[in-house]
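The values are calculated or read from the model by the stated rules, or taken from the named source; none is laboratory data. All values derive from a computational prediction rather than experimental measurement. With ideal geometry, Cβ positions are generated from the backbone for all residues, glycine too; neighbour counts draw on all protein chains shown.
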Amino acid sequence: MPSVLLIAALAGLAVAAPQNINAAAVSGLVTPTLLGPDVAELTPTPIAYNPTSAARAAAAEVTANPVTPKKRSVVNLGAASPLNGAIGKRDACDPQPNGIGPVPGKGAVAEYLDPYNALSQAAQDAATPKGYTKAFTNLQGSTQQIGYLTFKTITSDVYDTQACADFCDNVNYCLGFNIYFERDPSVDPAAACPNPKPVTNIKCSLYGYPVIAKTATNMGQWRGPEDSTGEVFHVVIVGSNGYSKLAPTLSPTKQNNFTGPSTLLPGAINAPYDNGVDTYLGMKLYNNGPYDPFVCASACQAQTAYDRATAGPDGSYKPCNFFNSYILSKNGVPQGTYCSFYTRSWDEGYAVNTGYTFGSDVYTVEASFTYGLTNVDDGQA
């Protein structure tokens with residue numbers, strides 16, 4: 001599980017000072033390899049995210065790279081995504097499934113891309129499902145960003161945002177979805193059937209983070225060989241809408257050994273010194289999966305176990321008794337699950353760090369929740 005280790009840099013302040021984000025370290029994150037459905041996928045990608053495995057990986061990574069002032073380097077555990085799935089098997093000229101959506105005109109690429117066609121109109125007229133906010137409307141690209149979970153093809157010719165929302169609501173970790181029309185080949189393009197007639201699929205892809213317009217960058221692809229006129233089948237995406245869950249509907253799960261989660265906080269915890277002692281231990285950022293406080297809980301406990309095992313001669317150490325999890329976004333684009341660790345609990349009155357600007361980049365905080373260790377560790381081995 002790729003992560004970045006960020007260290008507190010508070011210099012003897014007695015009042016609250018922001019536990020700011022290390023922009024250089026954030027930029028060192030490895031991007032997961034799977035950011036959305038492949039346009040050639042025939043069947044939905046299985047949801048392969050396993051929270052238990054993710055938490056185990058987070059704990060192991062903390063043991064190898066604990067949150068201590070001596071560790072300031074970027075830590076990556078590899079670029080492979082736990083959500084990778086194989087594209088369904090295809091044979092040359094085999095009929096492709098689904099394709100029951102409306103085909104504009106005679107199906108030419110230009111007719112799909114016509115901003116005034118029925119596909120674009122359907123996207124513009126689509127209702128925003130209850131509990132969601134519209135992130136973007138009628139783009140010509142599908143979402144590619146971290147937290148991809150799975151997709152499905154709508155089984156009717158209706159651009160049904162509610163069906164997509166229902167799908168999201170029934171999938172763990174889903175915080176947003178992208179619905180769009182896709183111009184696909186009616187058969188798998190090959191030498192014997194180059195540039196076949198098109199069909200239209202209406203796809204719905206799910207994400208474990210809010211979706212935004214900036215990440216709707218998958219414009220399609222060309223498939224198969226040229227036909228007698230030199231044309232290759234062109235997959236295009238149109239009528240692409242994105243929807244994210246409203247903040248009040250977010251409800252992260254309880255964690256074993258911890259109280260919480262807190263109510264949704266307006267920002268991240270910005271802790272002061274406690275009688276001259278810095279209670280902030282540091283943080284980690286995980287981007288290989290959906291937003292999941294479970295990895296924070298696992299990392300917090302692993303950090304305490306490491307510190308206890310490496311305690312000094314007097315047997316004292318700094319335990320992780322409290323953590324703050326939230327979604328870190330950079331210029332609106334989700335970066336991952338951010339975990340801040342503390343030796344003691346802080347109440348919602350300290351959740352005042354809503355982000356900051358570094359150069360031309362703006363970092364913001366979303367979906368902030370806190371958890372406290374049920375049985376507080378006194379820091380004595």
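A few notes on this one:
- Pro266 closer than 22 Å to Thr133 by Cα and not assigned by TED's automatic domain parsing to the domain that holds Asp166: yes
- Here the condition is being touching a strand residue (DSSP E or B) at 6+ places or on another chain (Cβ under 6 Å) and assigned by TED's automatic domain parsing to the domain that holds Asp361; of Pro319, Pro334, Pro272, it holds for Pro334 alone.
- Tally, over segment 26-43, of residues that are more than 18 Å from the chain's Cα centre (by Cα) and either modelled with pLDDT of 70 or more or crowded, with 19+ Cβ neighbours inside 10 Å (or both): 4
- Boolean, Lys203 is outside the structural domain of Tyr326 (by TED's automatic domain parsing), under 22 Å from the mean Cα position of the chain (by Cα), assigned to a strand (DSSP E or B) and not hydroxyl-bearing (Ser, Thr, Tyr): yes
- Tallying residues that are touching a Ser or Thr at 6+ places or on another chain (Cβ under 6 Å), in a strand (DSSP E or B) and over 27 Å from Pro248 (Cβ atoms) within segment 139-155 yields 1.
- Any hit, segment 305-324, residues being part of a strand (DSSP E or B), among the aromatic types (Phe, Trp, Tyr) and within 26 Å of the chain's Cα centre (by Cα): yes
- Flag if Ala271 is surrounded by fewer than 20 Cβ atoms within 10 Å (Cβ to Cβ), touching a residue at least 24 places away in the same chain (Cβ under 8 Å), of a type in the set (A, V, I, L, M) and not in a strand (DSSP E or B): no
- Residues in segment 359-381 that are among the charged types (D, E, K, R) and over 17 Å from Gln301 (Cβ atoms): Asp361, Glu366.
- Leading residue by the ranking (surrounded by the most Cβ atoms within 10 Å (Cβ to Cβ)) among those in segment 213-231 that are in contact (Cβ under 8 Å) with a residue 40 or more places away in the chain and more than 18 Å from Leu34 (Cβ to Cβ): Arg223
- All told, Asp314 falls short of being modelled with pLDDT under 95, more than 17 Å from Tyr338 (Cα to Cα) and in contact with a Ser or Thr (Cβ under 9 Å, 6 or more places away or on another chain).
- Matching entry among Asn170, Asn178, Asn138 (being free of Cβ contacts under 8 Å to residues at least 24 places away in the same chain and not assigned by TED's automatic domain parsing to the domain that holds Thr337): Asn170
- Residue match in segment 346-359 (condition: among the acidic types (Asp, Glu) and in a strand (DSSP E or B)): no
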